[in-house]
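Okay, so here's the structure we're looking at.
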Amino acid sequence: MINERELVLEGLLEITENNVFSNIAIHQLLSKHQDLDKRSRAFVSHVIIGTLERLIEIDYIINQFSTIKVKKMKPIIGNILRSSVYQLKYMENIPPSAVCNEAVKLASKRGFKNLKGFVNGNLRNIARNLEYISYPTDPLSYLEVKYSIPSWILRLWLQEYGLTRGDLDSQNLQCFTADLDTRLDRLSKINNDELAINFEMVERMVQSFHEKRPLTIRTNLSKIQPDELKDNLEKQGIKVEAHPYLPYAFKVSGIDHFAGIEDFQKGNFYVQDVSSMLVAELANPNKGSVVLDLCAAPGGKALHLADKLLCVGEYKGLGKNEEYKNTDSGVAFACDLTDRKVALIQENIHRAGFENVKAIKKDATILEEEFLGKADIVIADVPCSGLGILGKKPDLKYNTSLEQIGELVKLQRKILTNACAYVKPLGILMFSTCTINPKENQENVHWLLENFPEFKLIPIHEELPVKLRKKIRVQKEMQGENRENLKREELTLDSIRENTLQLLPGVNECDGFFIAKFRRT
């Protein structure tokens, strides 16, 4: 019978050598071994994901002790060492001797008896010296190794969110006249409170990707009131905590399978990060609105808007048993590219029981004449690099590059071009991504405003929930009074930053996410 560590090795090889996404590799792996008990399945998943999340740090540790660097090793040996080092460092309940012995057995079983000594010697040396591991002292390398974030991502964030001019004195301003490497070197030698705070913010972002966060759920207000949902879940032993940003959002933990929860099957709630909920919240539909979500799968935003359409002006008096079949409420069209994605949307619609949302198979890059000028609200949550959700999808940080982002931006602008064509006069366009990257976010906003002058950027900070508004990091207020729309001559990247929303993991209580709101004149 195959043991757990063999499955871990098989999964890591699929991911690191064959570029299979971790969720797919793990699903396929566990599907082939239905006989595994719950504990074994959890162990396999945990070690694969944990090793992947900490891969740069693990390779750094191995390379400090091994005469052969990880990238030069046979993939089987390299991944046996990687998963073993993860267990040694992050799974204290497993004795180091057991980790080493199992690794040696696995190497031998996979045809590398001649390398048993190599595996055993390195792992036992690492186990004895784990607490003495020294990390790089320069800021960029420290963050890269400590939190396993590729340096190109860190460079992007340090320039955009960490190393700001602020109110630095003239002596320290020289730190920002050089290239990033020089700036980082100077940063390590400067004692400046604002620099330290800003650098700490970037560190909080990358640290948050390794922290376990509770799931967030959204109450379907057309079906149940938040307090009643909370009571129902708590009676089932589920820990439920109000989310500080939205009154109908909860943080939940202690759930093994959603399928066994009655309120889930009834469609009384939907699993969704609060950052994604803010898209519908800021879109603020009127009763009777036509909503078009171009890249909708799995359907959370479209379903949220459909729920809002049912509740416009009616939430206060809702009864738990009321049914909503009001065709005058408005309609949301949830579109996506493939049959699989559309089926997923349809499954969620069916569970919610909403009749005012329709799943449609459409390619967002192809202009659909039937939608031209028809939508009161268009949602363009475009495909992106996903740098805001690396804690949920660690593969992305290893499988994305600046070159790929350049291609993504072209795709995003193609979708945004079509999205603009679908918005009615005086209608709303909501543009969002789950990334933290100016090229995909603020620069796309700038591009849209330059190329589609009939659209105006709507400042959204005053529309945010109060507790979130207080946390948003705004560089400085725009000069003059608050205005509903920005004039074309004011379209600098700084003004765009101040009038759009960039949520940061570890700083805000949600995923990394970007939202911009436009109105067509």
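The values are calculated or read from the model by the stated rules, or taken from the named source; none is laboratory data. This one's a predicted model, so the numbers in the text were calculated from it and none came from an experiment. All Cβ positions, glycine included, derive from the backbone under ideal geometry; neighbour counts span all protein chains shown.
Can you spot a residue in region 79-95 that is more than 16 Å from A127 (Cβ to Cβ) and in a helix (DSSP H, G or I)? Yes, region 79-95 contains at least one residue that is more than 16 Å from A127 (Cβ to Cβ) and in a helix (DSSP H, G or I). A residue that is at pLDDT 95 or above, touching a helix residue (DSSP H, G or I) at 6+ places or on another chain (Cβ under 6 Å) and under 21 Å from D336 (Cα atoms) can be found somewhere in region 384-401.
Residues of region 334-368 that are within 14 Å of L294 (Cα to Cα) and charged (D, E, K, R): D336, K341, K358, K361, K362, D363, E368.
For region 226-276, which strands (runs of 3 or more DSSP E) that fit wholly inside it have 2 or more residues that are hydrophobic (A, V, I, L, M, F, W, C) and more than 13 Å from R351 (Cα to Cα)?
Numbers: elements: 239-242, 249-253, 269-271.
Filter on region 226-276 gives 239-242, 249-253.
Annotation note: Cβ proximity below 6 Å between a residue of region 379-400 that is closer than 27 Å to L448 by Cβ and a residue that is among the aromatic types (F, W, Y) and surrounded by fewer than 24 Cβ atoms within 10 Å (Cβ to Cβ) (sequence gap 6+ or interchain) occurs for L390/F209.
K410 - would you say it is without any contact (Cβ under 8 Å) to a residue 24 or more places away in the chain and either of a type outside the set (D, E) or touching a strand residue (DSSP E or B) at 6+ places or on another chain (Cβ under 9 Å) (or both)? Yes.
Scanning region 38-48 turns up at least one residue that is within 21 Å of K397 (Cα to Cα) and hydrophobic (A, V, I, L, M, F, W, C). Inspect region 43-66 for any residue being surrounded by fewer than 20 Cβ atoms within 10 Å (Cβ to Cβ), out of contact with any Ser or Thr (no Cβ under 6 Å at 6 or more places or on another chain), modelled with pLDDT under 95 and farther than 18 Å from C100 by Cβ and give the result as yes or no. No.
Exactly one residue among I56, I24 is closer than 24 Å to K212 by Cα, part of a helix (DSSP H, G or I), without any contact (Cβ under 8 Å) to a residue 40 or more places away in the chain and assigned by TED's automatic domain parsing to the domain that holds N101, and that residue is I24.
Filtering L12, L36, L30 for residues that are at pLDDT below 95, at negative phi and crowded, with 18+ Cβ neighbours inside 10 Å leaves a single hit, L36.
Scanning region 106-119 for residues that are in a helix (DSSP H, G or I) and under 38 Å from the mean Cα position of the chain (by Cα) yields a count of 3.
Filter region 277-292 for residues that are outside any strand (DSSP E or B) and of a type in the set (A, V, I, L, M) and give the result.
Residues satisfying the conditions are M277, L278, V279, A280, L282, A283.
If you go through region 437-469 and keep only what is modelled with pLDDT of 95 or more, part of a loop (DSSP other than H, G, I, E, B) and aliphatic (A, V, I, L, M), you end up with just I458.
Filtered by the rule that a residue be free of Cβ contacts under 8 Å to residues at least 40 places away in the same chain, more than 17 Å from Q404 (Cβ to Cβ) and of a type in the set (G, A, S), region 137-158 gives a lone residue, S141.
Which of the residues spanning region 226-237 are within 13 Å of N268 (Cβ to Cβ) and touching a residue at least 12 places away in the same chain (Cβ under 8 Å)? Step through it out loud before you land on a result.
Restricting attention to region 226-237, the residues satisfying the condition of being within 13 Å of N268 (Cβ to Cβ) are 226-233, 236.
Result: P226, E228, L229, K230, N232, L233, Q236.
Results for (1) out of contact with any strand residue (DSSP E or B) (no Cβ under 9 Å at 6 or more places or on another chain); (2) surrounded by 18 or more Cβ atoms within 10 Å (Cβ to Cβ); (3) among the hydroxyl-bearing types (S, T, Y); (4) at negative phi, shown as yes or no for each residue.
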| residue | (1), (2), (3), (4) |
| --- | --- |
| V423 | no, yes, no, yes |
| T435 | no, yes, yes, yes |
| E443 | yes, no, no, yes |
| W447 | yes, no, no, yes |
| L464 | no, yes, no, yes |
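Report yes if some residue within region 213-227 is more than 30 Å from V47 (Cα to Cα) and either among the small types (G, A, S) or in the same structural domain as V357 (by TED's automatic domain parsing) (or both); otherwise report no. Checked region 213-227: at least one residue is more than 30 Å from V47 (Cα to Cα) and either among the small types (G, A, S) or in the same structural domain as V357 (by TED's automatic domain parsing) (or both). For region 234-285, taking the residues that are over 26 Å from M430 (Cα atoms) and among the charged types (D, E, K, R), the one that is surrounded by the most Cβ atoms within 10 Å (Cβ to Cβ) is identified as D263.
Among what's in region 298-342 and is of a type in the set (K, R) and modelled with pLDDT of 95 or more, pick the residue that is nearest to V279 (Cα to Cα).
The initial filter retains those residues of region 298-342 that are of a type in the set (K, R), namely 301, 308, 316, 320, 325, 340-341.
From what's left, modelled with pLDDT of 95 or more: 301, 308, 340-341.
On the way: K301: 7, K308: 12, R340: 24, K341: 20 Å.
Out of the qualifying residues, it is K301.
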